[in-house]
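**Student:** Before I ask anything, here is the structure I am working with.
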Amino acid sequence: MKWYNKLSRREQNIMKVAALVAILFLLSQGVPGLRQYYSEGQREISQLRDAIARETRLIEETDRWLGRQQELNTIRPTMDDQIFSGDNAPLIAAAIQRQVREIASEYGINITANRLAEAEQGAGWLRVNQGLSFSLTDQNALLPFFEALEAGSPYLGVSAFSLRRTRNQYTGEMTVVGFSPMDNMDEEQS
């Protein structure tokens, strides 16, 4: 500080004012700039943490999805037996009717009418809903009949069912559902 003492009083006052202006400038411009720089750094750190968490979650899910893929590959052969082949709804409806009639005859159930089958497409699958009317004399045959439908190959599910008693017999209606994968070539052409 020897050089400061060598200055005149006027030069010292100018130096004090210049220092005060420099301090004010730093407070008005430098501090907000530092805050913004710090905030941007914190935001980037937060984004990096989110990205790391997302990547870690994806790595963990990769193992799970690979396991699921292996599981599906092992059950795929049995699944192929549970679905109808082809994507022709009338042929699948005919196959459903034939299978239901065969099973129904084993349990003393008489299929009296078939309604027009309804087909729905979605997510690469064809779902065929076949409405049927039936009659039977022994209501105890229904549960084994439904179990045989479910255990049959291809799988048939019952999505709707109603039963009425008329004198010495029972009549009813049901909707039986069968599934078939859509042919990939047809989907690409659509």
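The values are calculated or read from the model by the stated rules, or taken from the named source; none is laboratory data. These numbers were taken from a predicted model, which means no experiment stands behind them. All Cβ positions, glycine included, derive from the backbone under ideal geometry; neighbour counts span all protein chains shown.
**Student:** Against the definition (aliphatic (A, V, I, L, M) and closer than 22 Å to GLY152 by Cβ), how does ALA123 come out, yes or no?
**Tutor:** Taking the combined requirement at face value, the residue does not satisfy it.
**Student:** On to the next question. Can we say ILE96 is in a helix (DSSP H, G or I), surrounded by 11 or more Cβ atoms within 10 Å (Cβ to Cβ), touching a Ser or Thr at 6+ places or on another chain (Cβ under 8 Å) and not aromatic (Phe, Trp, Tyr)?
**Tutor:** no
**Student:** Please tell me if TRP65 is within 28 Å of the chain's Cα centre (by Cα), closer than 24 Å to GLY152 by Cβ and of a type in the set (Phe, Trp, Tyr). Give the derivation first.
**Tutor:** On the way: within 28 Å of the chain's Cα centre (by Cα): yes; closer than 24 Å to GLY152 by Cβ: no; of a type in the set (Phe, Trp, Tyr): yes.
For TRP65, the condition - within 28 Å of the chain's Cα centre (by Cα), closer than 24 Å to GLY152 by Cβ and of a type in the set (Phe, Trp, Tyr) - is not met.
**Student:** Further, regarding this structure: Given the criteria of a type outside the set (S, T, N, Q), in contact with a Leu (Cβ under 7 Å, 6 or more places away or on another chain) and more than 30 Å from PRO181 (Cβ to Cβ), does GLY108 qualify? Talk me through it step by step, then tell me what you get.
**Tutor:** Details: of a type outside the set (S, T, N, Q): yes; in contact with a Leu (Cβ under 7 Å, 6 or more places away or on another chain): yes; more than 30 Å from PRO181 (Cβ to Cβ): yes.
Yes.
**Student:** Tally up the residues in segment 113-161 that are among the charged types (D, E, K, R) and closer than 13 Å to THR175 by Cα, please. Let's see the steps before the verdict.
**Tutor:** Here is the first cut: in segment 113-161, the residues among the charged types (D, E, K, R) are 115, 118, 120, 127, 138, 147, 150.
Those still in the list that are closer than 13 Å to THR175 by Cα too: 115, 118, 127.
Going through segment 113-161 one residue at a time, the tally reaches 3.
**Student:** Right, here's the next one. How do the pairs read when you match residues in segment 16-31 that are over 26 Å from ASN5 (Cβ atoms) and of a type in the set (Val, Ile, Thr) with residues anywhere that are loosely packed, with under 10 Cβ neighbours inside 10 Å and at pLDDT 85 or above, using Cβ under 6 Å and keeping only pairs 6 or more apart or on different chains?
**Tutor:** No pair meets every condition.
**Student:** Any residue that is surrounded by 13 or more Cβ atoms within 10 Å (Cβ to Cβ) and on the phi > 0 side of the Ramachandran plot - is there at least one of those in segment 79-87?
**Tutor:** Yes: segment 79-87 contains one or more residues that are surrounded by 13 or more Cβ atoms within 10 Å (Cβ to Cβ) and on the phi > 0 side of the Ramachandran plot.
**Student:** Criterion first (aromatic (Phe, Trp, Tyr), out of contact with any His (no Cβ under 9 Å at 6 or more places or on another chain) and within 16 Å of ALA94 (Cα to Cα)) does TYR170 satisfy it? Before you say what the answer is, go through the steps one by one.
**Tutor:** Working: aromatic (Phe, Trp, Tyr): yes; out of contact with any His (no Cβ under 9 Å at 6 or more places or on another chain): yes; within 16 Å of ALA94 (Cα to Cα): no.
When the stated conditions are applied, TYR170 does not pass them.
**Student:** Continuing with the same structure: Where in segment 103-190 are there strands (runs of 3 or more DSSP E), lying fully within it, with 2 or more residues that are touching a residue at least 40 places away in the same chain (Cβ under 8 Å)? So that I can check it myself, show each step before the final result.
**Tutor:** Values: elements: 110-114, 118-122, 125-136, 157-166, 169-181.
Result: 125-136, 169-181.
**Student:** Now for a separate question. So which residues in segment 119-143 are surrounded by 13 or more Cβ atoms within 10 Å (Cβ to Cβ) and either under 34 Å from the mean Cα position of the chain (by Cα) or within 26 Å of SER180 (Cβ to Cβ) (or both)? Working first, answer last.
**Tutor:** Just the residues of segment 119-143 that are surrounded by 13 or more Cβ atoms within 10 Å (Cβ to Cβ), to begin with: 119, 121, 125-136, 141-142.
Scanning segment 119-143 gives ALA119, GLN121, TRP125, LEU126, ARG127, VAL128, ASN129, GLN130, GLY131, LEU132, SER133, PHE134.
**Student:** Just checking, which of PRO90, PRO32 is surrounded by 10 or more Cβ atoms within 10 Å (Cβ to Cβ), closer than 30 Å to PHE179 by Cβ and out of contact with any strand residue (DSSP E or B) (no Cβ under 8 Å at 6 or more places or on another chain)?
**Tutor:** Values: PRO32 fails: closer than 30 Å to PHE179 by Cβ.
Going through PRO90, PRO32 in turn, the sole match is PRO90.
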